[in-house]
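Reviewing the structure listed below.
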Amino acid sequence: MRLVLLILLVVILLGAGAWWVWFKPRLPAPEMVTATYAKPVPAPDGPMQVYFLGHSLVNLDMPAMLAQLAPEGHGYNSQLGWGTPMKAHWEEDVEILGFDESNAKPGVFRAAKEAIGSGDYDAVVLTEMVELSDAIEYHDSVKYLGLWADLAHAGKPDAPIYLYETWHWLTDPKGWEVRLEQDLADLWENRLLLADLARHPDRPVHVIPAGQVLLNFMRAMRNAGVVEGIDGPEDLFGLDPEGKLDPIHMGDLGNYLVALTHYAVLYQKSPVGLPHMLMKADGTPAQAPSDAAARLMQQVVWDTVTSYPKTGVPQ
């Protein structure tokens with residue numbers, strides 16, 4: 001009778017959304033986390049070959065901008081989709097929405113499993129779908145982060161693996177900046193990154209903190225008072241096919257800021273002084289930030305990545 005009551009209680013708790021209390025992944029000890037991320041990733045000694053696995057928050061323009069910021073010889077490939085979880089990229093029977101459209105640029109697409117397992121890349125950048133909490137709960141994010149990271153590590157054990165922290169819908173009812181502030185620890189770290197570290201302490205995944213850069217840039221912009229060409233976060237986002245604000249996908253200014261973040265983490269170099277008049281993936285000129293906005297973007301990026309040890313950049 002007691003066993004039946006216990007089972008019934010568990011079912012009720014699960015139905016009430018308390019599964020996280022009962023079945024949350026075991027996290028590594030704080031001192032182990034600190035020691036792991038106190039060791040910087042070895043800096044590259046030349047141009048890198050980078051692989052991106054993800055979705056439309058990677059997009060085609062951001063990696064193309066990164067290639068223009070990086071040393072000559074930098075190269076990249078990717079496999080993308082629309083709102084695609086890591087699970088869909090791994091499991092052949094799970095559809096990748098927008099696959100053909102996302103991977104149509106010649107010379108960029110390379111099939112993910114073959115590419116990541118090949119050992120051809122100096123860094124592998126993984127990301128998860130938005131909403132991240134749904135991905136963790138319904139798409140086994142911890143499991144598939146581990147599978148992709150293990151494949152990359154087997155292909156090239158000394159190549160760093162990165163988790164690209166993205167952002168939320170600008171229209172999020174909890175508040176866009178609130179979510180950026182809260183979800184780094186709550187979701188990206190505790191429920192994904194560190195859950196993976198607990199299972200695989202020998203091959204830590206590091207972070208490209210684009211979401212934190214966006215948050216810090218908004219704060220720095222307000223502190224500066226006036227930044228030519230940017231009045232708020234809306235100016236970083238793009239437009240939908242009807243010409244209205246797209247509340248999730250970055251425009252040229254946002255892609256530039258995110259590309260700077262990738263540059264700073266991957267190359268472990270300050271982006272201050274890098275060019276800010278770049279081309280998009282289709283060869284047309286991207287909207288360039290003003291000189292003042294570009295300088296602020298570059299400084300915020302470097303300040304952010306050098307004050308967050310999980311980037312692997314020396315602090």
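The values are calculated or read from the model by the stated rules, or taken from the named source; none is laboratory data. These figures come from a predicted structure and were not determined experimentally. Here Cβ is always computed from backbone atoms with ideal geometry, including for glycine, and neighbour counts include all displayed protein chains. Heads up: the accessible areas ignore ligands, DNA and RNA and are worked out on the full protein's heavy atoms, side chains in. Shrake-Rupley method; radii C 1.70, N 1.55, O 1.52, S 1.80 Å.
General remarks:
- Alpha-carbon centroid distance for the pair the range 24-92 / the range 276-315, whole angstrom: 16 Å
- Cα-based reach from LYS244 at 19 Å (exclusive), listing aspartates and glutamates while leaving out same-chain residues under 8 positions away: ASP172, ASP231, GLU234, ASP235, ASP252
- Phi angles across the range 86-99 convert, under the Karplus curve 6.51 cos²θ - 1.76 cosθ + 1.60 with θ = phi - 60°, into 3J(HN,Hα) values of 4, 4, 5, 5, 7, 8, 5, 8, 9, 5, 9, 5, x, 4 Hz, Gly and Pro given as x.
- Sequence-distant contacts, meaning Cα pairs under 8 Å at least 6 residues apart, place the relative contact order of the range 56-181 at 24 percent.
- Rounded tilt (10° steps) of 291-305 against the dominant C-alpha axis of the chain: 30 degrees
- Against the chain, whose longest principal axis is taken from its Cα atoms, helix 210-224 shows a tilt of about 50°.
- Counting only DSSP H runs of at least 4 residues, each contributing -39500 (n - 2.57), and dividing by the residue count of the chain, the helix-based mean residue ellipticity at 222 nm comes to -12000 deg cm²/dmol.
- All other residues whose Cβ lies under 12 angstrom from that of GLN49 are scored, Lys and Arg at +1 and Asp and Glu at -1, for a net of 0.
- Degrees, to the nearest 10: 141-155 long Cα axis against longest axis of the chain: 60 degrees
- Model label zone, LYS174; criterion: amide N under 19 Å from point 7 Å along Cα-to-beta-carbon; scope the range 131-147: 131-142
- Listed values (i) 32, 58, 9, 1; (ii) 36, 59, 5; (iii) 32, 61, 7 include one computed from this model; for P(r) over Cα pairs in 20 Å bins from 0, in percent that value carries the label (i).
- Fluctuation leader among ARG179, ARG110, ARG26 - the chain, Gaussian network, Cα springs under 10 angstrom: ARG26
- Over the chain, accessible surface divided per residue gives 46 Å², non-protein components excluded, 1.4 Å probe.
- Whole-number percent relative contact order across the chain, with pairs defined as alpha carbons under 8 Å at least 6 apart: 19 percent
- Surface share of carbon and sulfur [accessible, 1.4 angstrom probe, percent] for the chain: 56 percent
- Over 22 Å (Cα to Cα) - which of LYS39/LYS113; LYS113/LYS156; LYS105/LYS280; LYS156/LYS280; LYS113/LYS143; LYS39/LYS156 fall in this group: LYS39/LYS113; LYS156/LYS280
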